[in-house]
Amino acid sequence: MEKERISHHESVIILYEKIKKDGMTNIWDRYEAQGMGGNPDQRCPFCMGGVRCDLCSNGPCRADVEKDKRGVCGITGDGMAMRMMLLRNVLGASTYHYHTEQTLKTLRATINGQTPFEISEPEKLRTFAGRLGLDTSGSDKDIAMRLYDFAKEDFNRPYSEPSKIVEALATKERKDTWRKLDIFPGGIYGEMMLATSSCLTNVDGYYVSLALKAMRMSVAMAYQSQIVNEYCQDIIYGVPRPHRMRVDLGVLDPDYVNVLPNGHEPFLGFAMVQLARRPEWQSNAKAAGAKGLRVIANIETGQEMIQRWEMDDVFYGFTGNWIMQEAVLASGCVDLFAADMNCSMPIDPMYAEKYKFKLIPVSELVAFEGVNERINYVPQKAEQQASELLQMAVDNFKERRASVKPFTGLPVKEAVVGFSTESILNALGGSLEPLLDAIKKGTLRGVAGLVSCTSLRDNGQDVHSVRVARELIKRDILVLAMGCGNGAMQVAGLCSPEAKDLAGPGLKGICEALKIPPVLSYGTCTDTGRLADLLAAVSHALGDVAITDLPVAAVAPEYMEQKATIDAIFALALGLYTYVNPVPPVTKAPNLVKLLLEDCKGVTGGQLNVETDAVKAVDGILAHIEVKRKKLGI
């Protein structure tokens, strides 16, 4: 493949060439091989259009809406496409919520003194508990237990009983809209059951009904799964605050024992950092012949970690997002890859054999063919399990150094990470007013929440995301980056203060005054809920202006997996202009396309836009923002 179709990042392109020379299967070649007629992006037209179904034994079926060709059961192409989208959303919601349940288990064990962690943000605990209407008297342990019990009760609330978490956190205007549409949710488990049950053959084949159920579930997910998850992680590990972080593949030094926690859950990653900072573990590594022991942040687990904890010579830096995974492993610098509940690839065992690192699943969700050794995370055993993982890495060092020639000399950059609602307020002097004044004066035209994965569809890794972000900041639109798209921004240099020179004059002036980058590193994909909470604060600060009227947009330049699809549906339910790329598999469902691109605006206020060209995409985003500015009279 051409360099442009591999990656935006030179380090990945270099290691792709190494992988090819080593004769290893890789994601780029596998992607190309899936194409039809010599075009890597061309697949089955029915699948790409979303009008095929294999859910029952009468199928697989194909549909054609124009000819009224339906599935055997009679479902239309519109119904097929939306039903599959809803099922993808269930997968995304359940995986988000699995993470949340693990966080709550960790919180409960922590307040009972059974983990190596502690309540590091008592003020955040009290503030969040107070917002939920809980009693904030007593000790931190008392309040944390009330929070735990309250959240668990709400998660398990029947879908027919309104969620108290959504009631407490969402804006009045949104709650009124959701009630009017009958999409105000109950508990997340009940909502997933309602959605999944609706997708059974011969139950609900109406695309509008299925779309509303998707929105209903997305609201439950955003407030119950995402916000509760991130705020409880803040309470344990710290609220994100701005600091510098080394990024890119040059953070891997083969002369050190390198441990990579990978996935989406930071629990064992943080526990390993705490241990690795002790002198005895550094001595242990040196006794094995290494210069020391390092924990290297990787993918979304890494994002959770780098947002909260500062770098040093032990917690050394961040590699990048998930498509870089094979490049990371092929560097020959990895001793242990701890795979938690997301974003570890089925091909990893082959890389472990070739490049001599230990591949250890640390979640009951994760399994690899041929890998029988595992450590399933248990909060009460976190320190013991972290110790076992570090020892495996140290024991692996000699064999890896003796048998694998590492690749060195890759670039290292620095990004500023750790922005959150609290740290943004702190940068603004404790109030949103400076930001709002800049928007009112037109110094800033608006704000874009870049909530994205990374994909090889139509472009190389992160190529389209970087193009879109550069266009946004050039037009004085501040970008808050989340998810794997955040890793793209960090490694591409857009989260460094020097990137202000790529911004328009208004945004550049703000960057210089506040000493911030034009793209703020705002977290992981689970921080979509945090962004919604920030928009609620902005709405209130402006006199309870409807979120639909704010000069903001949700931007997903390279969505990839099922979590991303429910994030996009939530953005529509929240009433946001939502740009997505690649084009979702709904193009042969014209009525559904019309609902998403046009009619939704009159239902929730949200509007979907799809565009493969970065400049045209940002043209649309800016045009939307200017309409909202005019409506607000600014």
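The values are calculated or read from the model by the stated rules, or taken from the named source; none is laboratory data. All values reported here derive from a predicted model rather than from experimental measurement. Heads up, the Cβs are rebuilt from the backbone with ideal geometry, glycines too, and the neighbour counts pull from every protein chain shown. Each accessible area value is taken on the protein alone, full model and side chains, heavy atoms only, with ligands, DNA and RNA left out. Shrake-Rupley method; radii C 1.70, N 1.55, O 1.52, S 1.80 Å.
What the table below lists for this structure:
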read-out: Test: residue in the range 525-537 that is β-branched (Val, Ile, Thr), within 22 Å of the chain's Cα centre (by Cα) and assigned to a strand (DSSP E or B); value: no
read-out: Helices (runs of 4 or more DSSP H) lying entirely in the range 431-524 (those with 1 or more residues that are of a type outside the set (A, V, I, L, M, F, W, C) and over 22 Å from residue 262 (Cα atoms)); value: 433-441, 463-474, 505-514
read-out: Single residue of the range 522-554 satisfying the filter (among the acidic types (Asp, Glu) and under 30 Å from residue 343 (Cα atoms)) that is surrounded by the most Cβ atoms within 10 Å (Cβ to Cβ); value: 527
read-out: Matching helices (runs of 4 or more DSSP H) fully within the range 167-252 where at least 1 residues are over 23 Å from residue 521 (Cβ atoms); value: 172-180, 188-198, 207-220
read-out: Residue match in the range 403-412 (condition: open to solvent by less than 10 Å² (accessible area, probe 1.4 Å) and of a type outside the set (Gly, Ala, Ser)); value: no
read-out: Any hit, the range 269-284, residues being buried (at least 24 other Cβ atoms within 10 Å of the Cβ), under 19 Å from the mean Cα position of the chain (by Cα), within 15 Å of residue 386 (Cα to Cα) and not basic (Lys, Arg); value: yes
read-out: Qualifying residues in the range 1-15 (those that are in contact with a helix residue (DSSP H, G or I) (Cβ under 9 Å, 6 or more places away or on another chain) and over 15 Å from residue 411 (Cβ atoms)) - the one surrounded by the fewest Cβ atoms within 10 Å (Cβ to Cβ); value: 4
read-out: Any hit, the range 347-355, residues being touching a residue at least 60 places away in the same chain (Cβ under 8 Å) and buried (at least 21 other Cβ atoms within 10 Å of the Cβ); value: yes
read-out: Which numbered condition residue 550 misses (of (1) closer than 16 Å to residue 606 by Cα; (2) modelled with pLDDT of 95 or more; (3) within 17 Å of the chain's Cα centre (by Cα)); value: (3)
read-out: Positions within the range 365-401 being part of a helix (DSSP H, G or I), closer than 21 Å to residue 294 by Cα, open to solvent by less than 20 Å² (accessible area, probe 1.4 Å) and not basic (Lys, Arg), in sequence order; value: 382, 385, 386, 389, 390, 393, 394, 396, 397
read-out: Selected residue (criterion: farthest from residue 125 (Cα to Cα)) from residues of the range 233-268 that are surrounded by fewer than 24 Cβ atoms within 10 Å (Cβ to Cβ) and under 18 Å from the mean Cα position of the chain (by Cα); value: 239
read-out: Subset of the range 114-143 (residues that are in contact with a Lys or Arg (Cβ under 9 Å, 6 or more places away or on another chain), without any contact (Cβ under 8 Å) to a residue 60 or more places away in the chain and not hydroxyl-bearing (Ser, Thr, Tyr)); value: 129, 132, 133, 134, 135, 138, 140, 143
read-out: Wholly within the range 276-357, strands (runs of 3 or more DSSP E) carrying at least 3 residues that are of a type in the set (Phe, Trp, Tyr); value: 315-318
read-out: Total residues in the range 66-106, condition open to solvent by 40 Å² or more (accessible area, probe 1.4 Å) and not in a helix (DSSP H, G or I); value: 7
read-out: Residue within the range 34-53 that is β-branched (Val, Ile, Thr) and part of a helix (DSSP H, G or I) present; value: no
read-out: Cβ-Cβ under 6 Å pairs, at least 6 apart or on other chains, the range 579-591 side open to solvent by 20 Å² or more (accessible area, probe 1.4 Å), far side acidic (Asp, Glu); value: 591/78
read-out: Filter result (open to solvent by 20 Å² or more (accessible area, probe 1.4 Å) and more than 21 Å from residue 256 (Cα to Cα)) within the range 300-316; value: 308
read-out: Members of the range 170-193 found to be surrounded by fewer than 18 Cβ atoms within 10 Å (Cβ to Cβ) and without any contact (Cβ under 8 Å) to a residue 60 or more places away in the chain, listed by number; value: 175, 176, 179, 180, 182, 193
read-out: Criterion violated by residue 203 - all others in (1) free of Cβ contacts under 8 Å to residues at least 60 places away in the same chain; (2) aliphatic (A, V, I, L, M); (3) crowded, with 20+ Cβ neighbours inside 10 Å satisfied; value: (3)
read-out: Residue 502, sole failed condition from (1) over 24 Å from the mean Cα position of the chain (by Cα); (2) buried (at least 24 other Cβ atoms within 10 Å of the Cβ); value: (2)
read-out: Any hit, the range 558-573, residues being open to solvent by less than 40 Å² (accessible area, probe 1.4 Å), touching a residue at least 40 places away in the same chain (Cβ under 8 Å) and on the phi > 0 side of the Ramachandran plot; value: no
read-out: Single match in 415, 448, 427 (criterion: farther than 17 Å from residue 539 by Cβ, buried (at least 21 other Cβ atoms within 10 Å of the Cβ) and among the aliphatic types (A, V, I, L, M)); value: 415
read-out: All positions within the range 48-65 that are touching a Pro at 6+ places or on another chain (Cβ under 9 Å), open to solvent by 60 Å² or more (accessible area, probe 1.4 Å) and touching a residue at least 24 places away in the same chain (Cβ under 8 Å); value: 48, 52
read-out: Cβ pairs under 8 Å, 6+ apart, first in the range 408-425 and within 16 Å of residue 514 (Cβ to Cβ) and polar (S, T, N, Q), second surrounded by fewer than 17 Cβ atoms within 10 Å (Cβ to Cβ) and at pLDDT below 95; value: 421/537
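Here is a yes/no grid of residues against (1) in contact (Cβ under 8 Å) with a residue 40 or more places away in the chain; (2) among the charged types (D, E, K, R); (3) surrounded by fewer than 17 Cβ atoms within 10 Å (Cβ to Cβ); (4) under 24 Å from residue 547 (Cα atoms):
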{"site": "432", "(1), (2), (3), (4)": "yes, no, no, yes"}
{"site": "437", "(1), (2), (3), (4)": "no, yes, yes, yes"}
{"site": "453", "(1), (2), (3), (4)": "yes, no, no, no"}
{"site": "457", "(1), (2), (3), (4)": "yes, yes, yes, no"}
{"site": "465", "(1), (2), (3), (4)": "yes, no, no, no"}
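Let's see how each residue does on (1) charged (D, E, K, R); (2) farther than 13 Å from residue 451 by Cβ; (3) part of a loop (DSSP other than H, G, I, E, B):
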{"site": "584", "(1), (2), (3)": "no, yes, yes"}
{"site": "615", "(1), (2), (3)": "no, yes, no"}
{"site": "623", "(1), (2), (3)": "no, yes, no"}
{"site": "626", "(1), (2), (3)": "yes, yes, no"}
